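The values are calculated or read from the model by the stated rules, or taken from the named source; none is laboratory data. Computed from a prediction, not measured in an experiment: that's the story for all the values here. Counting neighbours? That spans all protein chains shown, and the Cβs are built from the backbone with ideal geometry, glycine included. Accessible surface is based on the protein model in full, side chains and every heavy atom, while ligands, DNA and RNA are left aside. Shrake-Rupley method; radii C 1.70, N 1.55, O 1.52, S 1.80 Å.
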Amino acid sequence: MQILRSRALGSASSWLPLATKLFIPQSTASAVAAATGVSSWAPSPELPNHYFPLSIVRRRPYSSFLRSPPLRRRFSPLVGMGEERISYLSQREAAEIDGILMGSLGFSVDQLMELAGLSVASSIAEVYSSNDNCRILVLCGPGNNGGDGLVAARHLYHFGYQTCICYPKRTDKPLYSGLVTQLESLSIPFLSVEDLPQNLFDKFDIIIDAIFGFSFHGAPRPPFDDLIGRIASLNYIDIETQSSHAVISVDIPSGWHVEEGDISGDGIKPDMLVSLTAPKLCARKFTGPHHFLGGRFVPPSIKDKFGLQLPPYPGASMCVRIGKPPSVVISALRENYVSPEFLENEVSADPIDQFTKWFDEAVAAGLREPNAMALSTSSKDGKISSRIVLLKGVDKEGFVWYTNYGSRKAQDLSENPFAALLFHWNSLNRQVRVEGSVGKVSFEESDKYFHSRPRGSQLGAVVSKQSTPLTGRDVLHDAYRELDAKYADGGVIPKPDYWGGYRLKPNLVEFWQGQTSRLHDRIQYSLKEVEGKNSWHIVRLAP
Ligand SMILES: NC(=O)C1=CN([C@@H]2O[C@H](COP(=O)(O)OP(=O)(O)OC[C@H]3O[C@@H](n4cnc5c(N)ncnc54)[C@H](OP(=O)(O)O)[C@@H]3O)[C@@H](O)[C@H]2O)[C@@H](O)CC1
Ligand SMILES: Cc1cc2nc3c(=O)[nH]c(=O)nc-3n(C[C@H](O)[C@H](O)[C@H](O)COP(=O)(O)O)c2cc1C
Ligand SMILES: Cc1ncc(COP(=O)(O)O)c(C=O)c1O
Ligand SMILES: [K+]
């Protein structure tokens, strides 16, 4: 198999915009809670105009969500903690904006509710996996906040969550009866308050609080007082079972004063708040780990009129994280690998065939740079070093990569021509280890590959005396510009003799497939000489 440019690898071009996420398993939830507690990133009431720093969420390709355990929390890493600030709205401003949107700006309530509900569902999907039958209860109140909950429930159903609804005080306006009909047509169960367990987490993993929004006033009346009390009394993390649950509030944590927040101190403490249009003043008191903004419909005229500073939504996203994502306890970061069994009777007799099969699967899964591999070399006095290089070809002769023949790795290989390669295909729970002897590829092969590279990379390879000290970036850039000018006529850039390929001929290859309880599959091929003939010997190793 000849691997040409990694960008030519089919699915690498099918990236969806942005996205990198740190996956954190169930068992980390308690650690996360401990780490986040009352966090240092809670918004400061002293800030003028109730501003709050914001961050931008990156997204990643869908292919990387191939595998997710139940209620795995997906934390979006901070990409740019800018100095930007975000505005908070008073109850009066929220109602006024509502009025303008649905008055002079020509929106219908149906439209805004659809976008709001979609934002809520999208925010949830950003953090909580739908895999393994995540059960969601949506508690819907009598107003538009409840309507947002009904819309979110429909989207969550389509996203693959198991959704139930409790909607005790219905209105018979066509908008609401339509939403109910849509949900009933999906066979989403509607439960009465009496049907619900006293401990809501007995039957549900996620509770969505869509009871009251910005028009809430006074003290909650029945039956919502009881429902809010049940949410507030929930023990979010069951230390014994290490299972995690979450409460997500839509726009306002129900029962909280819209501006003052949780006045009594014993109200709902949601894990996630999805503010709509713009956060309301009470959101300054939100200390949970996930604050998102949704409602991507605010036009510039409203932003100008109210002096709103809102974070940019990334790409085509319906939501954006506000504030810092939670920190994690490194020792608690842990995955449970769930994979099909990898058995002796299904492996190829030759490790290169097996490697090619796994490599093709890594490409098909859309992994980014599946040809990136760690190369470990050793100097003559046994000092080992590792670095990533790109695999550029593999066949029965071995594994090929290209580099600088004056680099540290090249020095090592001249002293000790043995090396190890390591591939880690994380989202497939796979690792491949390769060991063997290394030699340079022929001049012709290196030359051909060198001239297949983009012109800039050819120039870069010429000007970089890899692994030697530089006094600054400008040295490289000056040399690059000079060379660029020299070959401005588009003439062939000769491959320098200090640049070329290496080929590792394997004598040991091991395929590792992650399994539950750390009982992984390890199939090792080693080259054995039997009666003067080399052949591959296959054994299973203990994990
Ligand atoms: N651009 C926007 O702004 C958008 C806003 N959207 C959404 O709309 C939400 C605001 O909706 P909303 O105005 O319908 O108010 P909300 O709070 O859901 O409910 C009011 C109901 O609750 C009742 N009620 C009040 N207090 C009570 C109490 N103590 N105990 C019991 N009941 C009480 C009240 O009854 P009343 O007191 O009037 O008799 C009424 O029936 C907003 O937060 C956001 O989620 C998005 O859909 C689209 C874009
Ligand atoms: C994803 C990735 C791919 C890389 N590919 C190569 C490569 O194919 N060849 C190479 O010489 N360096 C490559 N590098 C840079 C090496 O990791 C390393 O910095 C460089 O080769 C110098 O290593 P040395 O000083 O140990 O010789 C790559 C780095 C990364 C992160
Ligand atoms: C220093 C260096 N050399 C070579 C390569 C391989 O690049 P190409 O795919 O253009 O051959 C890389 C890739 O990152 C690199 O960083
Ligand atoms: K709410």
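Observations, loosely collected:
- Looking across the stretch 145-181, just one residue is within 31 Å of the chain's Cα centre (by Cα), open to solvent by 20 Å² or more (accessible area, probe 1.4 Å) and polar (S, T, N, Q), and that is Q162.
- K409 vs. criteria of a type in the set (K, R), buried (at least 16 other Cβ atoms within 10 Å of the Cβ), away from ligand 4 (no atom under 16 Å from the Cβ) and over 30 Å from T516 (Cβ atoms): yes
- Number of the exception - T356 against (1) among the β-branched types (V, I, T); (2) closer than 30 Å to P417 by Cβ; (3) in a strand (DSSP E or B): (3)
- Any chance A410 is among the aliphatic types (A, V, I, L, M) and more than 16 Å from ligand 3 (Cβ to nearest atom): no
- When the stretch 287-308 is filtered for residues that are out of contact with any Asp or Glu (no Cβ under 7 Å at 6 or more places or on another chain) and either modelled with pLDDT under 95 or over 15 Å from S123 (Cβ atoms) (or both), the ones remaining, listed by number, are T287, F297, V298, P299, P300, S301, I302, K303, D304, K305, G307, L308.
- Residue within the stretch 395-402 that is touching a helix residue (DSSP H, G or I) at 6+ places or on another chain (Cβ under 9 Å), open to solvent by 10 Å² or more (accessible area, probe 1.4 Å) and within 12 Å of ligand 2 (Cβ to nearest atom) present: yes
- Tallying residues that are open to solvent by 60 Å² or more (accessible area, probe 1.4 Å) and of a type in the set (V, I, T) within the stretch 429-474 yields 2.
- Close pairs from the stretch 455-483: first in contact (Cβ under 8 Å) with a residue 24 or more places away in the chain, partner away from ligand 2 (no atom under 16 Å from the Cβ) and of a type outside the set (A, V, I, L, M, F, W, C), Cβ under 7 Å, at least 6 apart: L459/Y480; L459/D484
- Residue in the stretch 370-382 that is within 16 Å of ligand 3 (Cβ to nearest atom), buried (at least 19 other Cβ atoms within 10 Å of the Cβ) and part of a helix (DSSP H, G or I) present: no
- Taking each residue of the stretch 314-338 that is touching a residue at least 12 places away in the same chain (Cβ under 8 Å) and looking for partners that are among the aromatic types (F, W, Y) with beta-carbon atoms closer than 6 Å, six or more apart or interchain, yields C319/F292; V320/Y313; R321/F292; G323/W41; K324/W41; P325/F75.
- Scanning the stretch 257-287 for residues that are out of contact with any Ser or Thr (no Cβ under 7 Å at 6 or more places or on another chain), open to solvent by 10 Å² or more (accessible area, probe 1.4 Å) and part of a loop (DSSP other than H, G, I, E, B) turns up E260, D262, I263, S264, G265, D266, G267, K269, D271, T277.
- Of all residues in the stretch 476-493, none satisfies being open to solvent by less than 20 Å² (accessible area, probe 1.4 Å), at pLDDT 95 or above and assigned to a strand (DSSP E or B).
- Of all residues making up the stretch 494-530, the number that are charged (D, E, K, R), under 22 Å from F355 (Cα atoms) and buried (at least 16 other Cβ atoms within 10 Å of the Cβ): 4
- Close pairs from the stretch 217-234: first farther than 19 Å from P270 by Cβ and within 12 Å of ligand 1 (Cβ to nearest atom), partner open to solvent by less than 70 Å² (accessible area, probe 1.4 Å) and assigned to a loop (DSSP other than H, G, I, E, B), Cβ under 8 Å, at least 6 apart: H217/V258; P223/P168
- Test for V338: is it modelled with pLDDT of 95 or more and either within 16 Å of E510 (Cα to Cα) or not hydroxyl-bearing (S, T, Y) (or both): no
- Count of the stretch 128-145 residues which are within 16 Å of ligand 1 (Cβ to nearest atom) and under 21 Å from G160 (Cα atoms): 3
- Considering only residues in the stretch 84-97 that are within 13 Å of V258 (Cβ to Cβ) and open to solvent by less than 60 Å² (accessible area, probe 1.4 Å), the one that is nearest to ligand 2 (Cβ to nearest atom) turns out to be Y88.
- Pick from the stretch 183-238, criterion of a type in the set (K, R) and surrounded by 12 or more Cβ atoms within 10 Å (Cβ to Cβ), ranking: nearest to ligand 4 (Cβ to nearest atom): R230
- Flag for L101 being open to solvent by less than 10 Å² (accessible area, probe 1.4 Å) and either within 16 Å of ligand 4 (Cβ to nearest atom) or of a type in the set (V, I, T) (or both): no
- Selected residue (only one of G460, G439 is within 12 Å of ligand 2 (Cβ to nearest atom) and either at pLDDT 95 or above or not in a helix (DSSP H, G or I) (or both)): G460
- Screening I165, I188 for residues that are within 23 Å of D225 (Cα to Cα), touching a strand residue (DSSP E or B) at 6+ places or on another chain (Cβ under 7 Å) and β-branched (V, I, T) leaves exactly one candidate, I165.
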